[in-house]
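> Below is a structure I'd like to ask you about.
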Amino acid sequence: MPAIQLTIAERKAHRAEAHHLDPVVMIGNDGLTPAVKKEIGASLDAHGLIKVRVQGDDREARETMYQQLCDELGAAPIQHIGKLLVLWRPRPEKVKAEDEDRKPGPREFKVVKNASRGGQRPEVKRVRVLGNQRLTTGGIVKKSKPKQRSIKKSQS
């Protein structure tokens, strides 16, 4: 998977977002092991923008690791300062399974009651209405009436 190419403005924006981040993954003296690559991939999926700290002192080795990570993981190189590498990859969309049996949850309404005297502020309150309740025009929460079932008299 090739590395993602970003414009200078996009890279600059990601660099600003990454400024306050702490390193999520550390690459030890063993270098890029499969476990490290897997952890970096999982961190990119979870966060999107991460910092990686490299322990080695060889700058050339760090640069090759940086390019290798970007190419293999399909990430964009954002910044390489000293022993810190900043990588970005767009987070995948989460697929939410819809449950057909699930009922709608509670709803919140804003009820505004005008003051009886002019010049005063109206009273505003938030009301939570559950699935078996309804809101009247006066702003009162009432329990809904159960559905009436038609009872057919059996002919005897």
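> Given the options Ala35, Ala97, Ala46, Ala76, name the one that is of a type in the set (A, V, I, L, M), over 19 Å from the mean Cα position of the chain (by Cα) and open to solvent by 40 Å² or more (accessible area, probe 1.4 Å). Step through it out loud before you land on a result.
Values: Ala97 fails: over 19 Å from the mean Cα position of the chain (by Cα); Ala46 fails: over 19 Å from the mean Cα position of the chain (by Cα); Ala76 fails: open to solvent by 40 Å² or more (accessible area, probe 1.4 Å).
Residue meeting the stated conditions: Ala35.
> Just give me the residues in the stretch 101-156 being at pLDDT 80 or above and of a type in the set (Asp, Glu), in sequence order.
Glu108, Glu123
> Considering only residues that are open to solvent by 30 Å² or more (accessible area, probe 1.4 Å), aliphatic (A, V, I, L, M) and in contact (Cβ under 8 Å) with a residue 40 or more places away in the chain, which ones fall in the stretch 79-88? Even if it seems obvious, please write down each step before you answer.
Filtering the stretch 79-88 for residues open to solvent by 30 Å² or more (accessible area, probe 1.4 Å) gives 79-84, 88.
Narrowing further to those that are aliphatic (A, V, I, L, M): 81, 84.
The answer is Leu84, and nothing else.
> May I ask you to say which residue of Arg91, Arg128, Arg62 is charged (D, E, K, R), free of Cβ contacts under 8 Å to residues at least 60 places away in the same chain and over 26 Å from Thr7 (Cα atoms)? Explain how you work it out, then say what you get.
Numbers: Arg91 fails: over 26 Å from Thr7 (Cα atoms); Arg62 fails: over 26 Å from Thr7 (Cα atoms).
Just one listed residue meets the conditions, Arg128.
> Please go through the stretch 106-116 and give me each residue that is surrounded by fewer than 10 Cβ atoms within 10 Å (Cβ to Cβ) and of a type in the set (Gly, Ala, Ser), ordered by number.
Across the stretch 106-116, the qualifying residue is only Ser116.
> Let me confirm something: among Gly31, Gly48, Gly56, Gly105, which residue is under 30 Å from Arg134 (Cβ atoms), touching a residue at least 24 places away in the same chain (Cβ under 8 Å) and among the small types (Gly, Ala, Ser)? Let's see the steps before the verdict.
Working: Gly31 fails: under 30 Å from Arg134 (Cβ atoms); Gly48 fails: under 30 Å from Arg134 (Cβ atoms); Gly56 fails: under 30 Å from Arg134 (Cβ atoms).
Exactly one of Gly31, Gly48, Gly56, Gly105 is under 30 Å from Arg134 (Cβ atoms), touching a residue at least 24 places away in the same chain (Cβ under 8 Å) and among the small types (Gly, Ala, Ser), namely Gly105.
> Same structure again: I'd like the full set of residues that are open to solvent by less than 20 Å² (accessible area, probe 1.4 Å) and either hydrophobic (A, V, I, L, M, F, W, C) or at pLDDT 95 or above (or both), limited to the stretch 14-32. If you could, list the steps in order and put the result at the bottom.
The initial filter retains those residues of the stretch 14-32 that are open to solvent by less than 20 Å² (accessible area, probe 1.4 Å), namely 18, 25, 27, 31.
Within the stretch 14-32, Ala18, Val25, Ile27 meet the criteria.
> Of the numbered conditions (1) open to solvent by 40 Å² or more (accessible area, probe 1.4 Å); (2) touching a Ser or Thr at 6+ places or on another chain (Cβ under 9 Å), Lys103 satisfies every one except a single condition; which is it?
(2)
> Can you pull out the residues in the stretch 117-137 that are surrounded by 10 or more Cβ atoms within 10 Å (Cβ to Cβ) and within 13 Å of Pro106 (Cα to Cα)? I'd like the intermediate steps shown before the answer.
Of all residues in the stretch 117-137, those surrounded by 10 or more Cβ atoms within 10 Å (Cβ to Cβ) come to 123, 125, 127-135.
Passing the criteria: Val127, Arg128, Val129, Leu130, Gly131, Asn132, Gln133, Arg134, Leu135.
The values are calculated or read from the model by the stated rules, or taken from the named source; none is laboratory data. What you see is a predicted model, and the numbers here were worked out from it, not measured in a lab. Neighbour counts are summed over all protein chains in view; Cβ atoms, including those assigned to glycine, are modelled from backbone coordinates with ideal geometry. Areas reflect the complete protein model, heavy atoms only, side chains present, ligands, DNA and RNA absent. Shrake-Rupley method; radii C 1.70, N 1.55, O 1.52, S 1.80 Å.
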